[in-house]
Amino acid sequence: MGVMANFVVNVLPYITFIVFVVGVIYRIAVWWSRPSPIPIPVFPGQRTVGSAIVRVLSDVIFFRSLLQFRGNRILWLGAWVFHISFGLILLRHLRYFLGAEAVPGWVAAVQGIGIAAALVISIPLLYLLLRRIVHADIKWISTPADYFVLLLILSVVLSGLYAKYVARPFVVDVKYVIRSLMALKPVDLSTVTLNTAFLVHFFLVQVLAMYIPFSKVMHLGGIFFSPTRTHHFGGEAHTKQLEEA
């Protein structure tokens with residue numbers, strides 16, 4: 001294989017790992033260091049630490065904030081299906097990082113669900129993309145970065161499906177490549193069979209991983225630092241009666 005294939009397989013993965021880890025640590029450090037001297041919860045707010053934790057978890061798991069208004073029901077469904085599908089796809093790919101004897105039963109069991117999720121995830125992605133194109137208000141506040149990340153994720157999904165059902169690479173070689181990278185061992189590409197479909201998919205996945213820390217996709221981490229969700233009243237009343245002068 002050529003120089004480009006060698007770069008994608010043997011060099012870029014380590015660059016991707018460093019950029020992703022450093023980027024995530026940097027973003028979290030920035031959020032952590034920002035001063036927040038006073039609680040600023042909004043009505044109805046949280047009275048205790050426990051209720052604040054429940055509030056954050058409900059937003060993370062069920063996207064509760066998207067259900068506050070009726071007009072967001074379809075958006076909530078699309079976003080929820082997308083995130084659940086994305087998680088299942090990640091779980092399915094765990095088998096490539098584990099030895100054949102070390103693959104847990106639940107990882108093997110999730111393979112079929114993960115494939116179904118890969119087929120389903122294109123629907124909410126297309127909905128979220130068309131929503132930004134069709135709705136004038138959403139289009140007006142959308143930036144090139146909003147379109148880029150949706151198109152990038154969609155490209156990752158479609159290239160993965162193409163490699164799965166059309167131009168299938170030799171799975172044993174794919175797993176060998178991943179395991180070799182984890183062991184910090186360069187892969188001799190002359191000894192493995194990696195087609196163009198896999199290389200394109202692998203490249204796009206790495207681009208997405210490097211882009212995540214510097215994009216809105218990092219909202220999964222940022223939600224845990226949102227003052228309106230994490231701060232609480234500490235048992236005080238939501239409103240206070242002010243005495244007239």
**Message:** Out of the residues in the range 126-167 meeting the condition of being over 19 Å from the mean Cα position of the chain (by Cα) and under 30 Å from LEU194 (Cβ atoms), tell me which one is surrounded by the most Cβ atoms within 10 Å (Cβ to Cβ).
**Reply:** ALA163
**Unmet requirement for GLY2, which otherwise passes all of (1) surrounded by 15 or more Cβ atoms within 10 Å (Cβ to Cβ); (2) at pLDDT below 85; (3) under 23 Å from PHE203 (Cβ atoms)** = (1)
**Message:** Need pairs with beta-carbon distance below 7 Å; first residue within 11 Å of PRO169 (Cβ to Cβ) and free of Cβ contacts under 8 Å to residues at least 40 places away in the same chain and within the range 189-215, second among the small types (Gly, Ala, Ser) and outside any helix (DSSP H, G or I); sequence gap 6+ or separate chains.
**Reply:** ASN195/ALA167; ALA197/ALA167
**Message:** Just to be sure I understand, how many residues within the range 168-221 are exposed (fewer than 14 other Cβ atoms within 10 Å of the Cβ) and touching a Ser or Thr at 6+ places or on another chain (Cβ under 7 Å)?
**Reply:** 1
**Asked** Considering VAL24, VAL8, which residue is at pLDDT 85 or above, aliphatic (A, V, I, L, M) and buried (at least 17 other Cβ atoms within 10 Å of the Cβ)?
**Response** VAL8
**Prompt:** If you scan the range 142-178, which residues turn out to be in contact with a Lys or Arg (Cβ under 9 Å, 6 or more places away or on another chain) and either within 22 Å of MET210 (Cβ to Cβ) or not in a helix (DSSP H, G or I) (or both)?
**Reply:** SER142, ALA145, ASP146, TYR147, VAL149, LEU150
**Message:** Just to check your reading of the model, which residue among TYR127, TYR176 is modelled with pLDDT of 85 or more and in the same structural domain as VAL8 (by TED's automatic domain parsing)?
**Reply:** TYR176
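The values are calculated or read from the model by the stated rules, or taken from the named source; none is laboratory data. Since we're looking at a predicted model, the values are computed, not measured. Note that we place each Cβ from the backbone using ideal geometry, even for glycine, and neighbour counts take in every protein chain shown.
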